[in-house]
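Data first, discussion second: the structure below is written as structure tokens.
The values are calculated or read from the model by the stated rules, or taken from the named source; none is laboratory data. As the structure is a computational prediction, the values presented were derived from the model and not from experiment. Here the Cβ is made from the backbone with ideal geometry for all residues, glycine too, and neighbour counts use every protein chain on show.
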């Protein structure tokens with residue numbers, strides 16, 4: 001048994017397909033299949049049921065996969081510890097961001113990260129909150145940048161910045177707004193456009209709207225903030241937009257800040273509780289904070 005065999009096993013478990021797993025592991029399918037058969041022979045029991053359509057893991061196989069993930073994560077940490085002995089900002093960083101943060105934050109921070117930490121090799125992934133946390137806990141991401149929630153997991157949290165939620169509307173809606181600030185009760189009785197399920201911004205915006213007496217416009221759910229803004233520009237409705245996203249100049253869309261109490265969200269970076277690269281993440285979060293403040 002070796003580390004490579006465990007990587008093959010985890011890849012098959014995640015993809016449920018030998019051909020795709022072999023491609024991901026950069027080996028031929030016969031090589032991968034042969035190594036996993038040897039692993040089963042070494043353990044003296046089958047780990048999976050094979051068919052032309054799908055791969056099913058046995059109860060023993062599921063237990064072995066869980067242990068394999070833990071071993072691979074430990075092996076990764078050992079290599080990171082060796083790589084970081086001189087400079088914690090050296091090596092690969094797998095960073096996930098939610099779609100309502102990534103397009104607006106990355107253009108601000110990436111040039112400075114490349115300049116200040118030139119030996120950091122960043123891999124970026126834009127995913128919804130649940131997927132980010134799942135991949136983080138599995139060790140497939142090093143950190144995730146997202147809106148703060150009440151975590152039920154053991155995570156280390158690095159605060160980044162707080163941003164207001166603003167009202168996005170068009171002049172076709174006939175709102176009488178003179179000074180650029182509106183009370184929350186301007187939402188009362190309104191049907192507000194929302195993102196689709198899975199976006200944490202949807203839950204936050206719905207909480208604000210419901211407390212103000214607004215309802216969701218159920219005729220349409222957007223997959224992105226850009227789509228939401230273009231629907232607003234067309235006069236279809238109004239929505240709540242994070243402050244940083246208001247920099248997107250969509251013609252026909254107007255923005256107003258809310259009066260107190262101002263709805264907002266906290267953007268944080270999270271890592272696993274006992275991550276091996278805490279110093280590196282502290283430096284990265286400090287840089288992001290300095291660029292946003």
Q: Those residues that are out of contact with any strand residue (DSSP E or B) (no Cβ under 8 Å at 6 or more places or on another chain) and either touching a residue at least 24 places away in the same chain (Cβ under 8 Å) or assigned to a loop (DSSP other than H, G, I, E, B) (or both), I need them from segment 63-75; list them, please.
A: 64, 68, 69, 71, 72, 73, 75
Q: Would you mention how many residues in segment 158-176 are farther than 20 Å from residue 202 by Cβ and modelled with pLDDT of 95 or more?
A: 4
Q: Working only within segment 116-147, note down all residues that are part of a helix (DSSP H, G or I) and under 26 Å from residue 71 (Cβ atoms).
A: 130, 131, 132, 133, 134, 135, 136, 137
Q. Within segment 148-187, can you find the residues that are assigned to a loop (DSSP other than H, G, I, E, B), over 15 Å from residue 263 (Cα atoms) and in the same structural domain as residue 242 (by TED's automatic domain parsing)?
A. 170, 174, 175, 176, 177, 178, 179, 180
Q) Taking segment 276-293, which residues are surrounded by 19 or more Cβ atoms within 10 Å (Cβ to Cβ) and touching a strand residue (DSSP E or B) at 6+ places or on another chain (Cβ under 8 Å)? A) 277, 280, 281, 284, 285, 288
Q) Any idea which of (1) at pLDDT below 95; (2) under 21 Å from residue 148 (Cα atoms); (3) touching a strand residue (DSSP E or B) at 6+ places or on another chain (Cβ under 7 Å) is the one residue 245 doesn't satisfy? A) (3)
**Q.** Given (1) part of a loop (DSSP other than H, G, I, E, B); (2) modelled with pLDDT of 95 or more, index of the condition residue 290 fails
**A.** (1)
Q: Would you point out which residue out of 32, 15, 47, 9 is closer than 23 Å to residue 73 by Cα and touching a residue at least 40 places away in the same chain (Cβ under 8 Å)?
A: 9
Q: Go over the candidates 95, 78, 113 one by one and state the one that is at pLDDT 90 or above and part of a helix (DSSP H, G or I).
A: 113
Q. Looking at segment 18-29, which of the residues that are more than 26 Å from the chain's Cα centre (by Cα) and not in a loop (DSSP other than H, G, I, E, B) is nearest to residue 76 (Cα to Cα)?
A. 22
Q. Within segment 99-117, is there a residue that is surrounded by 13 or more Cβ atoms within 10 Å (Cβ to Cβ) and either assigned by TED's automatic domain parsing to the domain that holds residue 197 or more than 19 Å from residue 158 (Cβ to Cβ) (or both)?
A. yes
Q.
Going residue by residue through segment 218-227, is there one that turns out to be touching a helix residue (DSSP H, G or I) at 6+ places or on another chain (Cβ under 6 Å) and surrounded by 14 or more Cβ atoms within 10 Å (Cβ to Cβ)?
A. yes
(Q) Looking at (1) within 30 Å of residue 201 (Cα to Cα); (2) touching a residue at least 60 places away in the same chain (Cβ under 8 Å); (3) out of contact with any strand residue (DSSP E or B) (no Cβ under 6 Å at 6 or more places or on another chain), which one does residue 106 not meet, given that it meets all the others? (A) (2)
